[in-house]
Amino acid sequence: MVLQSSLNPRLASIKDVKAKQITIIGGRGRMGKLFREQLLSVGHKVNVLEQEDWDDADKLLNNADVVLISVPIKYTVDIIGRAAKYLSPKTALCDITSIKTQPTEAMLKHHTGPVMGLHPMFGPSVKSFCSQKIVVCPGRNHESFQWLLDFLQNQGAELITYSPEEHDRMMVYIQATQHFCRLSLGIFLAQSNIDLEQSLSISSPSFCQEIEILQRLFCQNPNLCVDIMLATDERCQAINSLANTYSRLAKLVEQKDREGLIREFEKTQNFFKQ
């Protein structure tokens, strides 16, 4: 379901914006930097809190209208607990991690004020939020974030609401298993030492697109890819199940079992005819 803003997304202008005081924990990381730049561009005041800045946490967090947490998955819950001690009950607390259940539960537990989870469905290499999807997981006092949601929509983002649990179930397949597929393919191609330039010169558009996706993946920090795959037990179990499927199909190939492979194909056809 697309979340409807109370404003026409194309009518608001910079002069209409009432400046908010925002602190981004992890604001020098790539995604945090993207949010910082976009918020600054419409007149908001944005501070950054990094690991070396915790001595100033009271000053950076207590007076903020919004605290946005943009740190690696494995640190998110701990950072929420650490930051919450400095927050005013009026401060809106939000995270932009790619898992939502655990961070949302932690924010609701440690902070008495407004809480919301966001998951940008894009990497930090984009230049703006225009035409990008962002999943919104309301937690508490949803109305306190309306200005932020309006801002994102004004920038051209598509906002989609899910519960944290629904989000995490879908991300097992949308994100975690896809990262494993592409990690596996990338490692295989590198081990095979194929000539990428030559392969692209004679390849189909779909292969070119896949190589572009792999190039973007392997330009990232490896910790991001690995943390996405290992973030929850459900993700690890799904990846293991996918690996078992690979093994089962590879065995049919090894046995040159043409009929077996056709049966697998035909059994799956109906699923994709929905």
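The values are calculated or read from the model by the stated rules, or taken from the named source; none is laboratory data. Values in this document were obtained by computation on a predicted structure and should not be read as measured data. Every residue, glycine among them, receives a Cβ derived from its backbone with ideal geometry; neighbour counts consider all protein chains shown. When the accessible area is computed, the model is the full protein with side chains, heavy atoms only, and any ligands, DNA or RNA have been set aside. Shrake-Rupley method; radii C 1.70, N 1.55, O 1.52, S 1.80 Å.
Candidates Leu217, Leu224: the one that is in contact with a Pro (Cβ under 9 Å, 6 or more places away or on another chain) and modelled with pLDDT under 95 is Leu224. Cβ-Cβ distances below 6 Å connect no pair with a first residue in segment 76-87 that is closer than 14 Å to Ile24 by Cβ and at pLDDT below 95, a second residue that is open to solvent by less than 20 Å² (accessible area, probe 1.4 Å) and among the aromatic types (Phe, Trp, Tyr), and a separation of six or more residues or different chains. Of everything in segment 162-173 that is touching a residue at least 12 places away in the same chain (Cβ under 8 Å) and not aliphatic (A, V, I, L, M), the residue that is farthest from Gly117 (Cα to Cα) is Tyr173.
Residues that are within 21 Å of Val71 (Cβ to Cβ), in contact (Cβ under 8 Å) with a residue 12 or more places away in the chain and open to solvent by 20 Å² or more (accessible area, probe 1.4 Å) do not occur anywhere in segment 143-161.
Criterion applied to Leu183, Leu152, Leu224 was being in contact with a strand residue (DSSP E or B) (Cβ under 8 Å, 6 or more places away or on another chain), part of a helix (DSSP H, G or I), within 25 Å of Pro124 (Cα to Cα) and not polar (S, T, N, Q), and the one residue passing it is Leu152.
For segment 190-198, the criterion of being touching an Asp or Glu at 6+ places or on another chain (Cβ under 9 Å), part of a helix (DSSP H, G or I), more than 30 Å from Leu108 (Cβ to Cβ) and open to solvent by 80 Å² or more (accessible area, probe 1.4 Å) is met by none of the residues. Only strands (runs of 3 or more DSSP E) whose full extent lies in segment 26-140 are considered here, and the ones with at least 2 residues that are within 15 Å of the chain's Cα centre (by Cα) and either under 21 Å from Gln220 (Cα atoms) or of a type outside the set (Asp, Glu) (or both) are 66-69, 92-95, 115-120, 133-140. Selection over segment 61-76 of residues that are surrounded by 21 or more Cβ atoms within 10 Å (Cβ to Cβ) and touching a helix residue (DSSP H, G or I) at 6+ places or on another chain (Cβ under 7 Å) gives a count of 8. Determine if segment 156-175 includes at least one residue that is among the small types (Gly, Ala, Ser), touching a strand residue (DSSP E or B) at 6+ places or on another chain (Cβ under 7 Å) and over 15 Å from Asn240 (Cα atoms). Checked segment 156-175: at least one residue is among the small types (Gly, Ala, Ser), touching a strand residue (DSSP E or B) at 6+ places or on another chain (Cβ under 7 Å) and over 15 Å from Asn240 (Cα atoms).
Return a yes/no flag: does segment 203-217 have any residue that is of a type in the set (Lys, Arg) and open to solvent by less than 80 Å² (accessible area, probe 1.4 Å).
no
Among all positions in segment 235-254, there is at least one residue which is on the phi < 0 side of the Ramachandran plot and within 17 Å of the chain's Cα centre (by Cα).
Quick grid of which residues meet (1) modelled with pLDDT of 95 or more; (2) over 30 Å from Ser125 (Cα atoms); (3) exposed (fewer than 11 other Cβ atoms within 10 Å of the Cβ):
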{"site": "Met229", "(1), (2), (3)": "yes, no, no"}
{"site": "Glu234", "(1), (2), (3)": "yes, no, no"}
{"site": "Ile239", "(1), (2), (3)": "yes, no, no"}
{"site": "Arg248", "(1), (2), (3)": "yes, yes, no"}
{"site": "Val253", "(1), (2), (3)": "yes, yes, no"}
{"site": "Leu261", "(1), (2), (3)": "yes, yes, no"}
{"site": "Glu264", "(1), (2), (3)": "yes, yes, no"}
{"site": "Gln269", "(1), (2), (3)": "no, yes, yes"}
{"site": "Phe272", "(1), (2), (3)": "no, yes, yes"}
